[in-house]
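Structure first, then comments.
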Amino acid sequence: MTRRPVVVAGGGIAGLSAAIAVARAGREVLVVERDAIPSPEGAGLQLSPNATRHLRDWTVLDHLSASALAPDAVVVRRGRDAGIIARMPVADAQDRWGAPYLVAHRADLLAALLAVASGISHIEIRNARAVVRFDGMETLRVELDDGSSVEAEALIVADGARSHLRQMFESGGETLRHSGRIAWRATIEGTDAPAFARETCSNLWLGAAAHLVHYPLRGGSIVNLVAVIADDNLRGSDGDFWSRESDPWALLARFRDWHADAQDLLRRAGAWRVWPLLQRPMPAALARGSVALAGDAAHPMLPFLAQGAAQAIEDGAALGRAFAGHDGSTAALAAYAQARAGRVARIVAASDRQARVYHLAGPLGAARDLAMRGVGPAGMRRAVDWIYRA
Ligand SMILES: Cc1cc2nc3c(=O)[nH]c(=O)nc-3n(C[C@H](O)[C@H](O)[C@H](O)COP(=O)(O)OP(=O)(O)OC[C@H]3O[C@@H](n4cnc5c(N)ncnc54)[C@H](O)[C@@H]3O)c2cc1C
């Protein structure tokens, strides 16, 4: 490498997106990923047009389109009786929002990002190595867990919601807190799934203090399930049970008043894993000097708008634009921080609001359903224009 590299700590969705975009802006990039191979954890992701636009520009969609699926619509149902509350068409996302609306397995997205990153000669990927610290005023030095260190032009911290490096970035900053909600995730073999769950739609069921999301993946060969339940006993704890395999009896008990179709779907799932839904206020700035935060390390958010990965991808695109527009890394990262802060804060706040609305119970829940029906498909599409068109 001739010029000092931009080091990216973390080879997840944020890290690989940043690596591709920054390399396309002409910089040398070194990605350091703690795991030996991309983690297949996390099951399905809804990828809205604001994310797929960049994936398409980076040619990542060429590697993803065989396994991704384009749903016809997002269908919202009442948990109690399966009545349809609303239906938002998304099959024409390309025409309306300029890029497709897709659902994909997280492992397939990571593999597609990796295929593109591996094909760019000025990206080096170092697996099974963690970034442990960084320092230096004049020259940024990034230390790895094998005792080696790299002189870097800049460091992009993309080590996920449980970011260890963010503590160093903002010493004394806010810590991660449990939101009081848990996501249960599972997949069902397509052949074991009921017919309604195999339709090419993204489905959302709403109930009191709980909701259920399901959609087919990988050409319908599996169905992705996410059930989110509120548990106030956990609010504020550090939620230290990441992706733990769990017995679904507690989940089934929470859904026992739901329509038989929903309960049937939950019972057919194989192994369930639980994910605490974590929150952490955004830092005062997304960049300081030649170090910047991206993805969940910067802005972990509740998944109620399905925007965490999409925002990680947008962060990558913004980093690429910033490095293309500025020769110095400090100026580039300051421009990145300024470009992203407002939008990300707005998306985090909207996700929080959506969390409260989705889990309303009793008369408030009924009022929500009436309001959603009143808004109708056209109104629902208008409501997400500001997210999907960016
Ligand atoms: C239930 C649920 C449903 C979701 N659904 C959606 C959805 O439909 N659509 C959507 O857009 N988003 C969704 N999300 C959010 C999305 O999954 C995350 O926002 C996204 O995966 C964040 O990517 P990331 O790269 O920032 O972090 P991560 O995926 O956590 O990646 C961080 C990487 O850094 C590595 N790492 C950690 N420490 C170090 C270190 N010190 N040195 C080097 N490497 C390190 C890790 O091994 C990992 O590979 C959902 C989240 C949940 C919980």
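The values are calculated or read from the model by the stated rules, or taken from the named source; none is laboratory data. In this text the structure is predicted, and so the values were computed from the model without any measurement. Every residue, glycine among them, receives a Cβ derived from its backbone with ideal geometry; neighbour counts consider all protein chains shown. The accessibility values were calculated without ligands, DNA or RNA, using every heavy atom of the protein model including side chains. Shrake-Rupley method; radii C 1.70, N 1.55, O 1.52, S 1.80 Å.
Key figures
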quantity	calculated
Gain on full stretching of the segment that runs from Ala331 to Glu189 - 0.36 nm per residue minus C-alpha separation	46.2 nm
Protection proxy ranking of 106-113, 66-73 - average other beta-carbon atoms within 10 Å, highest first	106-113, 66-73
Length gained when the stretch Asp247-Thr59 is fully extended (0.36 nm per residue, less Cα-Cα span)	63.7 nm
Sites Gln167 and Arg3, calculated FRET efficiency, Cβ-Cβ separation with R0 22 Å, nearest 0.05	0.15
Average accessible area per residue (Å²) across the stretch 10-61 - probe 1.4 Å, nucleic acids and ligands excluded	29
Projected-area average for the chain over all orientations - Cα convex hull basis, square nanometres	18.3
Förster-model FRET efficiency, 56 Å R0, Leu370 and Arg126, C-beta, rounded to 0.05	0.55
Inter-label distance for Arg256 and Ala378, nm, one decimal - labels placed 7 Å from Cα along Cα-to-Cβ	4.6
Orientation-averaged projected area, Cα convex hull of the stretch 56-207 (nm²)	14.1
Probe 1.4 Å, protein heavy atoms only - accessible area per residue of the stretch 109-207 in square angstrom	43
Packing-based ranking, highest mean first, of 364-376, 318-330, 287-299 given that Cβ atoms within 10 Å are counted	287-299, 318-330, 364-376
Net dipole in debye of the stretch 250-303 [+1 Lys, Arg Cβ; -1 Asp, Glu Cβ; about Cα centre; nearest 20]	160
Scattering profile of the stretch 35-76 at q = 0.31, 0.32, 0.33 Å⁻¹ [log10 I(q)/I(0), Debye over alpha-carbon scatterers]	-1.17, -1.18, -1.18
Projected area averaged over orientations for the stretch 276-390, convex hull of C-alpha atoms, nm²	8.2
Compactness of the stretch 131-183 as Cα Rg over 2.2 N^0.38 Å, two decimals	1.39
Nearest-ten-degree value, helix 329-358 long axis tilted from longest Cα axis of the chain	10
Whole-number accessible area per residue in Å² for the stretch 267-359, which is evaluated in the context of all protein chains at 1.4 Å	36
Share antiparallel - DSSP beta bridges, the chain, percent rounded to 5	70
Sum of side-chain charges, Ala285 neighbourhood, beta-carbon under 13 Å (Lys, Arg +1; Asp, Glu -1)	+2
Stokes-Einstein D in µm²/s, Kirkwood radius over Cα pairs - the stretch 296-351 at 37 °C with 0.692 mPa s viscosity	281
Carbon/sulfur fraction of accessible area - the chain, other protein chains in place, 1.4 Å, %	51
